[in-house]
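A single structure is presented below for examination.
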Amino acid sequence: MTIVATARRVLAVARDRAAGTLLERKARARLAAANTDAPERFDCVVYFADDPGSAYQVRQWLQPLAELARTRPAAVLVHRPTTAAGLLPDSPLPVYLAAGISQVGDFVNAHGVGLVFYVNNNRDNFTVLRLAAPIHVHLSHGESDKISMASNQLKAYDYAFIAGPASRERILGHLRRM
């Protein structure tokens, strides 16, 4: 790679990082303004690490979680600024951004979170599972014959809520020691 090509690549990376930092700042400002009436403690959060294109996976749980929040304060905790911005208009729950595991840990500790829900098997979920204090519950975003619906990943969670008898049979038929 020539010096000019290297310099161009360095400038492109710097521009991308600056744009990402600006996007994150804007998202955090919007979230802070929207969450002024949010409680200080949350019994539970749904953690979502995917991009806005996959947000349908968490959207289907917003109303059930809003019902839960009537007696147990709940929030949405997302990994990406673009996802936070996309969910904010639709969410009856407060939406927060935690862009890294240290931010997730800080949020969980600061807000007394005792339970974390997950709606998919995103690899970033498994980083959050290292937090020992909260209970980790896999909700999923639907039931299908996909192998991810009956994979060893389910063993990582404290609980896996499943769709019913067919799901139970599939899981027990594919997983050992479940």
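The values are calculated or read from the model by the stated rules, or taken from the named source; none is laboratory data. Note that the structure is predicted; figures quoted are calculated from it, not measured. Methodologically, a virtual Cβ is constructed for each residue, glycine included, from the backbone with ideal geometry; neighbour enumeration extends over all protein chains shown. To get the accessible areas, we keep the full protein, side chains included, count just its heavy atoms, and leave off ligands, DNA and RNA. Shrake-Rupley method; radii C 1.70, N 1.55, O 1.52, S 1.80 Å.
Being open to solvent by 30 Å² or more (accessible area, probe 1.4 Å) and closer than 19 Å to Q60 by Cβ, is that true of even one residue in the range 93-112?
no
Shifting gears a bit: Got a sec? Which of A99, A166, A75, A84 is modelled with pLDDT under 95, outside any loop (DSSP other than H, G, I, E, B) and within 12 Å of the chain's Cα centre (by Cα)?
Result of the check over A99, A166, A75, A84: A84.
Of the residues that make up the range 138-146, is at least one closer than 20 Å to A49 by Cα, out of contact with any strand residue (DSSP E or B) (no Cβ under 8 Å at 6 or more places or on another chain), open to solvent by 20 Å² or more (accessible area, probe 1.4 Å) and at pLDDT 95 or above?
no
Return the residues of the range 95-131 that are touching a residue at least 40 places away in the same chain (Cβ under 8 Å) and of a type in the set (V, I, T); say none if nothing qualifies.
V95, V104, V108, V113, V116, V119, V128
Let me ask something additional. Quick one: would you say T36 is touching a helix residue (DSSP H, G or I) at 6+ places or on another chain (Cβ under 7 Å) and either within 25 Å of L131 (Cα to Cα) or open to solvent by 20 Å² or more (accessible area, probe 1.4 Å) (or both)?
no
Looking at P73, P64, P92, which is the one that is closer than 22 Å to D37 by Cα, touching a Lys or Arg at 6+ places or on another chain (Cβ under 8 Å) and without any contact (Cβ under 8 Å) to a residue 60 or more places away in the chain?
P73
Run down A69, A85, A49 and say which single residue is out of contact with any strand residue (DSSP E or B) (no Cβ under 6 Å at 6 or more places or on another chain), surrounded by 18 or more Cβ atoms within 10 Å (Cβ to Cβ) and within 24 Å of K155 (Cβ to Cβ).
Unique residue meeting the criteria: A49.
Against the condition among the aliphatic types (A, V, I, L, M), closer than 19 Å to V58 by Cβ and either more than 14 Å from the chain's Cα centre (by Cα) or part of a loop (DSSP other than H, G, I, E, B) (or both), how does I171 come out, does it pass?
Criteria not met by I171.
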